[in-house]
Each structure stands twice: as C-alpha cells, then as structure tokens.
Amino acid sequence: MEYFVNCNTSTLAPYTTPLDRTKAAHLYRRLGFSASVEIIDQAVTQNAGTLVDNLINQAVAMPPTPAPAWADWNNSNYPADDDQARQVRRTQLEEWRLTYTNALLDNNLRDRMSFFWSNHFVTEIDVYDCNSFLYHYINCLQRNSLGNFRTFVSEIGLTDAMLYYLDGVYNNGNNPNENYARELYELFTLGEGNGYTEEDIIETAKALSGYVERGEIGCSPVAYDATRHDAGSKTILGQTGNWGYDDVINILFQQRPNEIAEFICRKLYEFFVHPDSKDDMGNAQAIIDGMANTFIANDFEIAPVLSQLFRSQHFFDDNAIGVIIKSPYDMYLNTLKETSFAYTDTTLSEINNYSRLLGQEMFDPFDVAGWQRDRTWINTNFIIGRWLTIETILETFYQNNNEQFRAFGLSLTGNDGLTSNNPDIIARPIIDFVLPKGLLDEGEYDKAFAVFRSDVDLTYYEGGNDETWTLATWMTAPFQVYLLLQYLARQPEFQLK
C-alpha cells in the first residue's frame, strides 16, 4: 500500500464548484458509508454547502434508535437456568448488532458519528457483559454525536457501560480508583500528557468517587452513594475545592479549552480528511487551528465544526480523496450501498462476522485506546481476508440474482449501456465509481478492460456478426460486471476511500 503524505494545501474557505460524481461520492463515503448511484448522481451539480447543511441538519434532527424490549432488563429478567440465560443474551446482542448495522447503512452522518465516538469513548461489551448497559451507551452516543461535547463528556462518564468498563463502580472515596480519571484526560479530552499531571489524576479520581451503589441484582443501573464520595478538598488543574463529578467537567472545560479543542479537532481531521495531520507538506495544522477556534467560539458544539470542515476546499481537495484506508465496515457497507444489491439480515450477520475476523468487532474495540484505524487494517493476513470475504459476498449476490449486476452497470453508463458495443467505454465508469480515484494509469485500466471483456469473441464487440454486444442485451453481461468487480476488489485502490 502506497504511503500517502498529506500534501493538501487548500484552506477552510467554502468549496463552491458544483459537485461532480467523484466529489459527491467522496462526500458520501466520508460522511456516511457511501450511497447508491442514484443518490450520488442526485448530488452531482449541487452546491457542496447546501448538501452538507442538509446532511448535518438531518443528522441533528434524527431520533435515537428505538429501545428494544430488553433495554432496562437486569439479571432477574433472564431465565434462572444459566445456559438458557446465556442463549437469550446472545440472541439479544445479535439482534442489536443487526439493528445498529442497519443504522450505519441508513443514517448517514448521525451513525457515522456515533460509530466514530464508540471508538473514542471506548467500552467493550465483553468486559461489562450487560445488554441493557450497551443499549443505553449507544443511545448516549447517538443523542450526543453532533451535540455539545461538554455535555457528551459529562453524560458518557455516567453510563453504566463506562462506569463498569473503567472501574468507576470501584472508585470508593476511601480507596479511589484512578482508571477513569486517567482516561478522561489521556484519551477522551486532552491527549496523553497534555495539560495535566499525575497529581491531577489522583485528585480527579477522588472527585469522581461515589458511583458505587450497584444493587443486589446484577446488570442493574449504578447509583450514587454520597457516603462513598470523598468529601475532602481537592486541587484539580489548579482549582481547589470540595469537588464532585460535575465540578470536574466544568473545571476541565474552563481551564483547558484550547487543549480540548485541539485534541478533538485533530482526531476529527484525521478521521474525516487525512490520517496524517502532522506532516508539514500541507497545511493540516492551520485547518485544525481553524476548526478548534470554531469549536471554542461555539461553546464546544460539534455540528458547526463539522459543517465548516465538510463545506471547505480542504475537504474536497484532490489530495483528500482516496487517502484513507477503509475499515472492514467501510469496505463491506460501501459495497452494499454503492451497488444497491439486495441484502438480508443474513448478509449483515456475515458482514459483522467478517469484520470481527478482520479486527473490527462491533461494540468490542481492541482496548480502551480503540481501533487505531488506517494502516492497522492492512497486514498480510487481513488483506487476504479482505479479498476472500468481499469475493464471497459478491459471489452470493451473483448467485442470488445475477441481473442486478447488469442493472448496476447500466446505472453508471447511461445511454452508453444501451447502445455502445465498446466494452472499454462501459467498464471505465464502473471502475471510476467503485474506486475513489480510479486506477493508477492506462496500463492498469487495460488490465481491467481485459477482465471485463471476458471470453466474448472480439467480433461481437466489433459488430461483425448478426449479434452485437451491449451491456443491456448481451446474455453474459452480468457475469462480466461480476468478474470486473471481483478483479477490482483485489486492487490496492479498492482498499481506499
């Protein structure tokens, strides 16, 4: 895989050129898990600012995923038999994975962001092992995904999933546990070693104590017990007082606004624009500084920062396209969205399983630091796994309904698909849509064209027989599109977005 240096020198000034298909597809691949040919083509010629505003407004207004029947269950709601209880839990978890996978497919920016935050405010279902906690954690991510970051930090720390995952429930005032206090600064708001000391962590842990009342029944919500809170004086980030949970959040945002804004905006930049924000070939730092200024000026509201970034020349610069390695979920869900091939919950269950095998298990990041993304998705084992699994998915689609491959080709080729007997003219727009910036050079296109021509006799392409090849009419055309997609799925460019 080529190493992409960040050479993007464009600014945060608005991008005003009407969108073409490449730029529109770029927007949908980054703001969601891509989109159908129809939706992307509807965006062509639109103004980027208008489209971005619509997508952000849609995300902000979207209600959270409805609560499942078991959203507030505790252990008493499960069968007394342990084996039966485990089976019910597994069934619930699988259903919720399918529900959330559908949300990733259907909800564009809202659940692109909730998934992003699940890898920032990390928890692992394997650690806290309670489905109702998981539901309320995802609900918190969805409600706050484009909201106020200060509110988000405050709410996420009191979710039962987080209180169990980072040992908040074991943070007794008489015996403070520093785990959450450390990650609050190091991973969630400031960055490692940035603007806090070990003493701040110790004092913060005391202030966060008291959420230790767990009830007699397992999997029941955590409650605050004032008798377990450290009521003494604490000094946090230079401020001294008898601080509690809310005070910690207020002090943090009052005393370290610049550090928080820089840390979060850099993370957003690296996720949405380019994984390398510290290269001096471009002006990433100036972009991050501009985003951070907007973040602070808007009292840590997330949506204005994303609006500024997504509407910018920097976001739509050619150097920002095709430079991020797809996560497993990007790879599979992009394929589903872009082809519009018919899928079922079985397909989504397979995708969840394949993603787990490739290092991205839903609701279970690798550790508290989360999936490190980008180049960590590509190694010898993972790349072979990516090839084999996407090929299996495409093969299933073909076996279920091969004509949908012809329909996909026709959706991209327009009138050429109905009339042209030149297979290269048909293959090129398919290639250029599936790959964010096409293939490397004409030699690579020629290889792909040869795959697409398949074993159709040359005379049918030349119109020398009674029959002339066209995508719309030729019997084996769906198989040719299938062969081309299988070939493209093994190209380096397919791994990028």
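No lab work stands behind these numbers, since they all come straight from the coordinates. All values reported here derive from a predicted model rather than from experimental measurement. Here the Cβ is made from the backbone with ideal geometry for all residues, glycine too, and neighbour counts use every protein chain on show.
Against the chain, whose longest principal axis is taken from its Cα atoms, helix 131-144 shows a tilt of about 80°. Lysine pair count for the chain (Cα-Cα distance under 21 Å; residues 8 or more apart in sequence or on different chains): 17. All C-alpha to C-alpha distances of the stretch 45-129, sorted into 5 Å bins beginning at zero, yield P(r) values of 3, 11, 16, 20, 16, 11, 9, 5, 4, 2, 1, 1, 0 percent in whole numbers.
With distances taken between every two different alpha-carbon atoms, the chain has a Kirkwood hydrodynamic radius of 24.6 Å. Overall shape of the stretch 381-420 was characterised from the C-alpha gyration tensor. The equivalent ellipsoid obtained from it has semi-axes of 28, 13, 5 Å, in decreasing order. Unpaired Cys in the chain, meaning no second Cys C-beta under 4.7 Å: CYS7, CYS140, CYS265. Our note on the geometry: Cα centres of the stretch 353-412 and the stretch 265-307, 29 Å apart. Stretching the chain fully between ASN298 and ASP225 yields a gain of 22.8 nm (0.36 nm per residue, less the alpha carbon separation). In terms of its Cα atoms, the stretch 199-268 spans 43, 32, 17 Å along the principal axes, sorted from long to short. Computed as a quarter of the hull surface, the mean projected area of the alpha carbon convex hull for the stretch 361-497 stands at 10.0 nm². Binning the C-alpha pair distances of the stretch 290-438 at 5 Å intervals from 0 yields a P(r) profile of 2, 8, 13, 14, 16, 16, 14, 9, 6, 3, 1, 0 %, listed from the shortest bin outward. Summarised as an ellipsoid, the stretch 407-474 has semi-axes of 21, 15, 8 Å, derived from the eigenvalues of the Cα gyration tensor scaled by 5 and square-rooted, with the largest first.
Report, in cubic angstrom per residue, the convex hull volume of the C-alpha atoms of the stretch 15-64.
It comes to 77 Å³ per residue, whole-number rounded.
Measure nothing fancy, just the Cα-based angle from helix 442-453's long axis to the longest principal axis of the chain, in degrees from 0 to 90, nearest 10. The angle comes out at about 70 degrees. Between 0 and 90 degrees, the angle of helix 245-255 with respect to the longest Cα principal axis of the chain falls at about 70 degrees.
For the chain, the 222 nm mean residue ellipticity estimated from helices alone, with every DSSP H stretch of n ≥ 4 adding -39500 (n - 2.57) and the total spread over all residues, rounds to -16500 deg cm²/dmol.
Looking at the square roots a ≥ b ≥ c of the eigenvalues of the Cα gyration tensor of the stretch 418-457, which shape do they give, rounded for a/c under 1.5, prolate if a/b is larger than b/c, or oblate? Oblate. Over the C-alpha atoms of the stretch 148-250, the Rg to Rh ratio, Rh being the Kirkwood estimate, stands at 0.95. So if the hydrodynamic radius of the stretch 71-215 is defined as the Kirkwood radius over C-alpha pairs, what does Stokes-Einstein give as its diffusion coefficient at 10 °C and 1.306 mPa s, in µm² per second? The calculation lands on 96 µm²/s.
Distances between placed amide hydrogens fall under 5 Å for GLU301 paired with PHE149, all partners being 5 or more residues away or on another chain.
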